[in-house]
Structures are given as structure tokens and as C-alpha cells.
Amino acid sequence: MTVRQPYGSVPTRRDFLRGGLSLAALAGIGPILSACGSDDDSGVADDGTVTITMWHGQNEQGKETIDKIVANFQSKNPKIKVDASSGGVLADAMLQKITTALSGGSYPDIAYIFGPDIASVARSPKVANLQSFITPPEAKWDDFFPAARDAVTVDGKVHGFPALIDNLCVAYNKKVFKDAGVPEPTESWTWDEFVATAKRLTDPGKGIFGTGWPADGGEDCVWRIYPMIWDLGGAIVDDSGRKVGFDNDTGLKALRTVHQLGADKSAYPDTKPGSETMYQIFNSNKMGMIATGPWQLPAILEAKVDYGVVPLPSYSGQRVTIAGPDTWTVFDNGSARVKAAVEFLQFVTAADQDVQWATQAGSLPLRKSTSESAEWKQHLQSTVGLDVFSNALGYARTRPTIRNYPRISQPLGQAITKMVLNQGTPEEALQAAVQAANAALAAG
Amino acid sequence: MGIELRAAVVSREAASRRRPPARRRFGEAGTAWAYILPACVVILGLGILPMAWSLILSLQRSDLIAPAEWVGLQNYDLLSHDPAFRAAVGHTLIYTALFVPLSIVGGLGLALLLNRKIRFIGVYRTLVFVPFVISATAQGVLFSFIFDSHFGLANAVLHWFDIPPQGFFADKNQALYLLVLIGLWSGVGFCVVVYLAGLQDIQSDLVEAAALDGAGRWATFRYVVWPALRPITVFLVVWETLQALQVFDLVFVTTRGGPLESTTVVVFYVWQQAFEFFNAGYAAAAAYVLAFGLLLLSIGVRFARRRDHEVVSRP
């Protein structure tokens with residue numbers, strides 16, 4: 001250390017710095033250069049192989065199934081290389097990730113976008129329009145359930161493929177019903193019966209609730225009320241698209257039903273984001289009924305709960321439920337890559353893979369033909385209540401794909417939370433929600 | 001190392017004698033720039049540029065997805081009339097007004113208790129600091145289970161003392177104060193550690209001299225310990241205030257601004273506007289209002305400190 005090295009034999013400090021600087025400059029500018037260079041031909045090799053990127057946002061079982069489907073596709077289509085990863089996030093955080101990616105100008109070809117988010121994402125000119133790909137009869141577009149098709153269509157334009165579909169039915173805990181001496185619900189029951197049953201099941205001394213409702217004001221709190229509004233003849237937005245469609249008796253009656261649950265203290269209000277606690281209470285035999293989707297069945301089975309599933313109650317006697325479909329949204333990275341992405345998604349949603357995805361990832365078939373296939377019918381035998389969810393797909397409706405949807409959901413969520421927590425009247429809550437939502441819709 | 005450095009300086013001087021002065025200055029400055037450039041790039045790229053970009057964003061109507069539209073100061077104008085934003089500012093101020101004094105008083109009290117030679121003192125000090133190390137997310141999850149209105153531990157304990165069950169996070173009149181409490185659980189640990197360091201810096205002969213002069217415990221604290229801790233206290237007030245005004249993670253995990261928007265703080269409001277409603281421009285404006293508040297606070301503290309120094313240095 002103390003002996004000075006003679007100049008010449010080792011690089012001088014300046015040489016060293018200069019070298020380091022140019023390296024740093026390269027490292028810093030490199031990504032920018034490559035981002036600028038992305039044009040229509042990127043991802044297409046000289047031999048015609050197209051590479052597409054997919055952010056699926058899945059982990060565990062979902063990721064395993066996707067990986068299998070990708071490997072299968074790869075072996076049949078050597079000309080398309082699918083680079084599938086979670087995208088570094090789970091599906092819950094995909095919207096933020098994709099927003100950042102879009103504003104940064106470097107985005108995947110396919111991403112897993114939640115149904116309510118697609119309208120916002122589709123404002124980007126970088127989202128592909130798939131109309132020309134889905135019109136030919138061989139695309140079998142009409143074979144998808146209506147709710148699944150609606151979920152990927154914004155302003156009449158198709159921007160992706162259905163990725164997953166579910167719907168709400170009511171799971172009930174047979175033990176809780178038996179202990180309370182209450183008869184189990186039937187297929188054709190009403191919301192009044194639901195409220196009365198919840199009240200009879202509730203036993204504060206034993207810490208037992210009739211049912212539960214998320215009270216965090218989030219989307220999981222809100223979407224449960226739409227089947228009630230639809231059943232009564234209301235809508236989320238009216239035909240003009242400038243006003244909500246529940247500013248009438250439909251919204252009021254639905255809120256009154258929730259209010260009754262709150263006033264009876266028969267619904268556990270889950271104020272924690274994610275509604276996990278609500279389901280844990282059900283699974284530990286402390287809750288009688290819960291409106292839920294098929295995704296909850298594995299956890300109920302694992303908890304060894306003796307349960308049954310019935311469709312949602314109704315006011316009018318007609319069957320109504322809501323589907324919360326998710327989408328494989330396609331982004332435009334040049335026509336060759338869009339075409340490859342569509343080809344890949346056709347494969348993912350084709351009959352064989354549809355069954356595979358629905359059975360292994362614990363969801364429902366996207367296609368009508370799949371739901372009638374022997375393989376699916378056999379799978380239905382394996383899980384109690386899955387058939388009820390599968391049948392409900394036929395009549396399930398979905399939220400409108402409008403950009404301002406979060407501006408309706410947020411105030412309505414506050415109104416519902418007030419009802420669940422038994423604060424204020426349904427009239428006041430509805431008025432406040434309608435006012436806020438209409439103001440946002442009118443502003444465009 | 002020292003000799004090598006000196007050797008380098010000597011050789012530099014020797015070399016520079018042979019060069020014209022202008023070239024020398026440029027060469028020196030060039031080397032200096034080369035040394036600080038990496039840091040400059042990092043600060044520019046990760047600090048200054050995003051700040052400038054969000055300032056521009058705050059003057060636009062933008063959702064980060066579709067092309068933006070220039071609206072001038074309209075976002076700020078809307079903000080000034082937005083009752084939801086006003087409520088968020090109110091919640092943030094209540095949180096700060098409670099959190100800062102309580103964390104400092106609590107931190108000082110605990111530090112005084114822990115600043116003595118008793119058995120297992122190391123264990124106690126560690127235990128007090130542990131909550132600070134736990135991430136706010138983990139704390140949030142932990143406490144949202146403890147304070148569950150129906151199945152939580154807190155109500156079970158209250159039941160023991162015959163106190164009726166509380167709503168906690170299901171009660172809009174309690175949720176914000178509960179957040180302060182959770183914030184304190186971890187925030188106090190930091191104050192304790194900083195105060196402990198300060199206390200151990202106080203020379204023992206000062207304390208002994210005070211004792212010889214007949215000062216009691218309170219007088220020693222008032223005239224010896226407290227003046228010595230003053231600069232630390234100023235630092236802690238500033239630091240804790242900055243933390244409190246920017247609270248987000250705790251709110252995000254436990255309440256998401258609920259119940260009934262009783263815990264929406266400013267940063268949560270910014271997040272909600274940007275990523276739930278896609279009002280990125282509006283959110284940036286709200287963020288800038290907060291940043292402006294923080295800036296004013298820092299300037300105010302600087303002035304207060306300068307005056308403080310003048311007072312102290314006056315003979």
C-alpha cells in the first residue's frame with residue numbers, strides 16, 4: 001500500500017475513471033436506446049419466429065396451470081415464442097403495473113386485467129382492437145358466456161379474451177343451520193327469507209353470525225348489491241350513460257335489505273381490506289351463510305366444513321347473479337405480435353385448455369361448450385356445490401365496462417358500508433351515493 | 001492509505017506544474033465531476049426528475065394512459081374546494097398533532113427509564129426498539145386482528161374488565177385514534193433510541209456537579225439533562241412530523257381510509273386518486289400541496305433553529 005506504483009504499468013486513475021464513466025454511460029443510456037428502438041418489427045426474428053410477452057399475475061396453482069398450457073402451445077407452435085411470467089406482481093397489483101408500463105412505453109403483449117379495470121386501460125391507444133380476429137366463425141366467439149364476452153368489450157370494441165369467470169351464489173354452513181334448528185335454504189328463496197334466516201341464525205352469546213358483508217367500501221363490498229338492483233329492474237348506469245340507474249326504488253330497496261342485516265346485527269361487517277376474516281369465520285362454523293364465488297370452495301373444503309350451495313335469493317323470483325370476469329387484455333406491439341397473441345389466446349381458451357384451466361385453477365368454464373362437456377360434468381361431481389355456480393353462468397350478468405365505473409363504485413361502497421355498520425338511513429345513504437356518482441358521470 | 005494519497009497529491013502537483021493553468025483547472029474540475037457524477041445521476045434521475053415531472057403532471061388532466069391535457073392551475077383550484085381533500089388534510093393533521101408529542105414524550109420517558117444500570121437492561125432496550133423494526137404492513141395486519149370488533153383480542157381483554165365491546169376499526173369515531181396508537185407502538189422505539197444516545201452523551205461530571213450543588217432529580221433534569229437534549233428534541237420533532245404527515249402504509253393495510261372515509265390521510269388520498277380513479281394530474285397536485293407543506297415546515301424549523309443558536313451564543 002505504501003509503495004507507489006510506477007506510471008504506465010497500471011492504468012492511471014484518469015484512465016480508470018474514463019473507463020468507468022463510459023461503462024456507466026452505456027449502462028444508463030442502453031435501456032433508453034432500446035426503448036426508443038421498439039418499433040413494429042421488434043420481437044420478430046429473421047426466421048419469422050414471433051416472441052410475445054405475457055404477464056399473467058398468477059402464482060401457485062394458477063401459475064403451474066398456465067406454465068403447462070404455455071409449454072403445450074410451444075410444442076405445437078414453434079413459430080411463436082411465449083415469454084410468460086407473472087409480470088412481477090400478482091393480479092391485484094397488475095393495474096398499477098400496467099399503468100406504469102404504458103406510460104413508460106414498454107408494455108407486454110398480454111396482461112391479466114380485472115374486469116372492472118379494462119375500461120380504464122382501454123383508453124390507451126396501445127390497447128389492441130381484436131374485432132377483426134373474433135368475427136370469423138372459427139373463432140367461436142359466441143361460444144363464450146355472455147358475461148365473459150361483455151367483460152372484454154369496451155364501447156363495442158373487443159380488447160382481449162376472457163381469462164376467468166366466476167359468479168356469486170350463497171354457500172351455507174349445514175352445522176350452523178342444524179345447531180340453530182333452522183331449515184336449510186332452497187333454490188327459490190327471497191331476500192326477505194335471507195334476512196329472516198340470517199337473523200334466526202345469529203347468536204351473539206356464541207359469537208355466531210347469520211351472514212357477513214365486507215365493510216371496507218371496496219369493490220367486494222359493492223358488487224354483491226348489483227344482483228339485487230338488477231333483479232328489481234334497476235341498472236348501474238342508465239341508458240344515457242350520464243346518470244346512475246339505481247336512483248329510484250331499486251337502489252333504495254336493495255339498500256334497505258342490507259340495512260336490515262346491519263340493524264339486526266346479523267351480518268358480520270368485515271372492515272379489513274380483502275374480506276379474509278369473513279370467510280375464516282364461515283370456515284370455523286361461526287357463520288351461517290355467505291355470498292361467495294367458486295374460488296372460495298377449496299378453502300371451505302380444506303376447513304372440512306359441511307356445506308351446501310344455493311343460488312342468490314331474489315325479490316321477483318327470477319334468477320339473477322353477477323359474474324366478475326377477468327380478462328387477457330391484448331396490447332399493440334405491432335401487427336405480427338398482436339396476431340401471435342390472438343393465436344395464443346385462442347389456444348388458451350380452446351375447449352381442452354378451458355377445462356384444464358377451470359378444473360386445475362378452481363374456476364369455471366369460459367365457454368358454453370366446455371360447461372356441457374363430459375370432462376367438466378365429471379369434475380362437477382368432485383366438488384359439492386360447484387354445479388350451482390356452473391349453472392349460474394347461464395344467467396350471470398356483468399358490470400358495465402365504463403371508465404367512470406370506479407366513480408360509481410366508491411360512493412356506493414360508502415353507502416353500503418353505512419348500512420352494514422347500521423349508520424344512517426337507506427334514503428340518506430342512497431342520496432349521497434347518487435349525488436357523488438352522478439356528478440362524476442356528468443363530468444365525463 | 002494516507003501516504004499513498006499524499007503521494008498522489010504530490011505527483012499531481014508535480015504534473016500540473018508542467019501544464020498550462022487553464023488545462024489544469026479543467027482537468028481538476030473534470031476529475032471532481034467524474035467523482036460526483038454517479039451520485040448526481042442518481043439524485044437527478046430518482047429525485048429531481050420525478051419531482052419536476054409530477055409538477056408538470058399536476059398542471060395536466062392526465063390518467064397516465066391516454067394523452068394528457070394541459071389545464072394550468074385548475075387541479076389546485078378544484079383541490080381547494082374538495083371536501084374530501086379537506087377531510088384528508090384534517091385527518092392527517094389530527095394524526096400528526098397526536099402522534100408527534102406523544103411519541104416524543106413517551107420516547108423521552110422510556111429513555112429516562114432505560115438509562116440506568118440494572119440487570120438485563122440490554123434486553124429491555126432491545127424490546128422497546130423491536131416494534132420499530134417491524135414493517136408497518138406487518139403491524140397493520142397484526143393490529144387489525146387484535147382490534148377486530150367481534151373476534152379481536154382487545155375486546156376480549158376489555159370484556160374481562162367489564163367494559164362493553166368497542167367497534168374499533170368498525171367505528172368511524174375510533175379508527176383514526178387507533179391508528180395513532182398503532183403508530184406510537186412502533187414510533188416510540190425510534191425516539192427512545194435517539195434519546196438514549198443523547199442521554200449517554202451527557203457527561204457524568206455535569207450531573208455530579210449539579211448533585212454537589214444540591215440539585216434534586218427534577219432540577220438536574222430541568223437544568224442539565226433537558227438543555228443537553230434540546231437539539232435532539234428539535235430533530236425528533238421534525239423527523240416525526242415528516243413521518244406523521246406522510247403516513248400511508250399503516251392506513252393502506254388496516255382501514256383503506258375507512259370506515260366511512262374516517263381515516264383517509266393525504267397520501268392515501270393521493271394514491272386513491274391516482275390508482276383508483278385515474279386522476280393522476282389531480283393526485284400530483286394533492287401531492288404537491290403536501291410537499292409544499294413539508295417545505296414550509298422545514299424552512300420554519302431552520303429559522304427557529306437559527307434563532308435558537310443566536311440566543312444560545314449570546315453572552
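Given the structure, is A:Gly234 of a type in the set (Gly, Ala, Ser) and more than 24 Å from the chain's Cα centre (by Cα)? Criteria not met by A:Gly234. Selection of the range A:231-251 for residues being buried (at least 21 other Cβ atoms within 10 Å of the Cβ) and outside any loop (DSSP other than H, G, I, E, B) yields A:Asp231, A:Val244, A:Gly251.
Could we say that B:Ala211 is among the hydrophobic types (A, V, I, L, M, F, W, C), more than 15 Å from the chain's Cα centre (by Cα), surrounded by fewer than 18 Cβ atoms within 10 Å (Cβ to Cβ) and not in a helix (DSSP H, G or I) here? No, not satisfied.
Of the listed requirements (1) on the phi > 0 side of the Ramachandran plot; (2) free of Cβ contacts under 8 Å to residues at least 12 places away in the same chain, A:Ala196 misses just one: (1).
A quick yes/no check of all residues on (1) under 25 Å from A:Asp387 (Cα atoms); (2) in a helix (DSSP H, G or I):
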{"site": "A:Ala254", "(1), (2)": "no, yes"}
{"site": "A:Thr257", "(1), (2)": "no, yes"}
{"site": "A:Gly262", "(1), (2)": "no, yes"}
{"site": "A:Tyr268", "(1), (2)": "no, no"}
{"site": "A:Lys272", "(1), (2)": "no, no"}
{"site": "A:Thr277", "(1), (2)": "no, yes"}
{"site": "A:Ile281", "(1), (2)": "yes, yes"}
{"site": "A:Ile290", "(1), (2)": "yes, no"}
{"site": "A:Pro298", "(1), (2)": "yes, yes"}
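Please enumerate the residues belonging to the range A:156-170 that are touching a residue at least 12 places away in the same chain (Cβ under 8 Å), farther than 19 Å from A:Ile110 by Cβ and out of contact with any Lys or Arg (no Cβ under 8 Å at 6 or more places or on another chain).
Within the range A:156-170, the first condition is being touching a residue at least 12 places away in the same chain (Cβ under 8 Å), and the residues that meet it are A:157-170.
So of that shortlist, the ones also farther than 19 Å from A:Ile110 by Cβ come out as A:166-170.
Residues satisfying the conditions are A:Asp166, A:Asn167, A:Cys169, A:Val170.
Taking the stated definitions as given, is B:Leu108 out of contact with any Phe, Trp or Tyr (no Cβ under 6 Å at 6 or more places or on another chain), within 28 Å of B:Thr233 (Cβ to Cβ) and not in a loop (DSSP other than H, G, I, E, B)? For B:Leu108, the condition - out of contact with any Phe, Trp or Tyr (no Cβ under 6 Å at 6 or more places or on another chain), within 28 Å of B:Thr233 (Cβ to Cβ) and not in a loop (DSSP other than H, G, I, E, B) - is not met.
Consider the range B:61-105. How many of its residues are outside any loop (DSSP other than H, G, I, E, B), touching an Asp or Glu at 6+ places or on another chain (Cβ under 8 Å) and within 30 Å of A:Ala122 (Cα to Cα)? So that I can check it myself, show each step before the final result.
Step one: filter the range B:61-105 for residues outside any loop (DSSP other than H, G, I, E, B), giving B:61, B:69-70, B:74-80, B:83-105.
This time we only want the ones that are touching an Asp or Glu at 6+ places or on another chain (Cβ under 8 Å), so: B:61, B:84, B:87, B:99-100, B:103-104.
Subset that is within 30 Å of A:Ala122 (Cα to Cα): B:61, B:84.
Summing the residues that are outside any loop (DSSP other than H, G, I, E, B), touching an Asp or Glu at 6+ places or on another chain (Cβ under 8 Å) and within 30 Å of A:Ala122 (Cα to Cα) in the range B:61-105 gives 2.
Checking B:Leu79, B:Leu46 one by one, the residue that is under 28 Å from the mean Cα position of the chain (by Cα) and either within 14 Å of chain A (Cβ to nearest Cβ) or on the phi > 0 side of the Ramachandran plot (or both) is B:Leu46 and no other.
Here's the yes/no breakdown for (1) at pLDDT 90 or above; (2) buried (at least 19 other Cβ atoms within 10 Å of the Cβ); (3) among the hydrophobic types (A, V, I, L, M, F, W, C):
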position	(1), (2), (3)
A:Asp41	no, no, no
A:Ala45	no, no, yes
A:Thr53	yes, yes, no
A:Val82	yes, yes, yes
A:Ala93	no, no, yes
A:Lys126	yes, no, no
A:Asp142	yes, no, no
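If only residues of the range A:396-436 that are of a type in the set (A, V, I, L, M, F, W, C) and not in a helix (DSSP H, G or I) are counted, the one that is farthest from the other protein chains (Cβ to nearest Cβ) is A:Ala396.
Total residues in the range A:103-127 satisfying the condition of being assigned to a helix (DSSP H, G or I), polar (S, T, N, Q) and touching a residue at least 40 places away in the same chain (Cβ under 8 Å): the figure is 1. Does the range B:195-208 contain at least one residue that is more than 14 Å from chain A (Cβ to nearest Cβ) and under 17 Å from the mean Cα position of the chain (by Cα)? Checking the range B:195-208: at least one residue is more than 14 Å from chain A (Cβ to nearest Cβ) and under 17 Å from the mean Cα position of the chain (by Cα).
Which residue, of B:Phe252, B:Phe303, is within 12 Å of another protein chain (Cβ to nearest Cβ), of a type in the set (Phe, Trp, Tyr), in a helix (DSSP H, G or I) and more than 17 Å from the chain's Cα centre (by Cα)?
On the way: B:Phe303 fails: within 12 Å of another protein chain (Cβ to nearest Cβ).
The unique qualifying residue is B:Phe252.
When the range B:58-67 is examined, which residues are found to be facing chain A (nearest Cβ under 10 Å) and touching a residue at least 40 places away in the same chain (Cβ under 8 Å)? Break it down stepwise before answering.
The first filter runs over the range B:58-67 and keeps only residues facing chain A (nearest Cβ under 10 Å), leaving B:62-67.
Selection gives B:Ser62, B:Asp63, B:Leu64, B:Ile65.
Taken over the range B:91-132, the residue count meeting the criterion of being of a type in the set (Phe, Trp, Tyr), surrounded by 12 or more Cβ atoms within 10 Å (Cβ to Cβ) and more than 26 Å from B:Gln174 (Cα to Cα) is 2.
Do the conditions hold for B:Asn173, that is, is it part of a loop (DSSP other than H, G, I, E, B), closer than 21 Å to A:Asn422 by Cα and within 13 Å of chain A (Cβ to nearest Cβ)? In short, yes. The residues on offer are A:Phe194, A:Phe209, A:Phe133, and the sole one that is at pLDDT 90 or above, more than 30 Å from A:Phe282 (Cβ to Cβ) and aromatic (Phe, Trp, Tyr) is A:Phe133.
Listed here are the residues, each with its yes/no results for (1) touching a strand residue (DSSP E or B) at 6+ places or on another chain (Cβ under 8 Å); (2) not in a helix (DSSP H, G or I).
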site: B:Leu260; (1), (2): no, yes
site: B:Thr263; (1), (2): no, yes
site: B:Val270; (1), (2): no, no
site: B:Gly281; (1), (2): yes, no
site: B:Ala286; (1), (2): no, no
site: B:Val289; (1), (2): no, no
site: B:Phe292; (1), (2): no, no
site: B:Ile299; (1), (2): no, no
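Apart from one condition, A:Ala71 fits all of (1) modelled with pLDDT of 90 or more; (2) crowded, with 20+ Cβ neighbours inside 10 Å; the exception is (2). Within the range A:258-315, restricting attention to residues that are in contact with a Ser or Thr (Cβ under 8 Å, 6 or more places away or on another chain) and acidic (Asp, Glu), the residue that is nearest to the other protein chains (Cβ to nearest Cβ) is A:Asp270. Tell me, please, whether a residue that is part of a helix (DSSP H, G or I), more than 14 Å from chain B (Cβ to nearest Cβ) and either hydroxyl-bearing (Ser, Thr, Tyr) or in contact with a Leu (Cβ under 9 Å, 6 or more places away or on another chain) (or both) can be found in the range A:200-218. No, because not a single residue in the range A:200-218 is part of a helix (DSSP H, G or I), more than 14 Å from chain B (Cβ to nearest Cβ) and either hydroxyl-bearing (Ser, Thr, Tyr) or in contact with a Leu (Cβ under 9 Å, 6 or more places away or on another chain) (or both).
Applying the condition of being over 13 Å from A:Thr327 (Cα atoms) and of a type in the set (S, T, N, Q) to the range A:121-159 and asking which residue is farthest from the other protein chains (Cβ to nearest Cβ) yields A:Thr135. Filtered by the rule that a residue be away from every other protein chain (no Cβ under 13 Å) and either closer than 15 Å to B:Ala66 by Cα or assigned to a helix (DSSP H, G or I) (or both), the range A:83-102 gives a lone residue, A:Ala91.
Counting only residues that are in a helix (DSSP H, G or I) and touching a helix residue (DSSP H, G or I) at 6+ places or on another chain (Cβ under 9 Å), how many does the range B:143-169 have? Quick ask: steps written out before the conclusion?
Taking the range B:143-169 first, the residues in a helix (DSSP H, G or I) are B:143-146, B:153-160, B:168-169.
Checking the rest, the ones that are also touching a helix residue (DSSP H, G or I) at 6+ places or on another chain (Cβ under 9 Å) come to B:143-146, B:153-155, B:168-169.
Total satisfying the criteria: 9.
The values are calculated or read from the model by the stated rules, or taken from the named source; none is laboratory data. On a predicted model such as this, the values are computed, not experimentally measured, just so you know. Cβ: placed from backbone, ideal geometry, glycine included. Neighbour counts: every protein chain shown.
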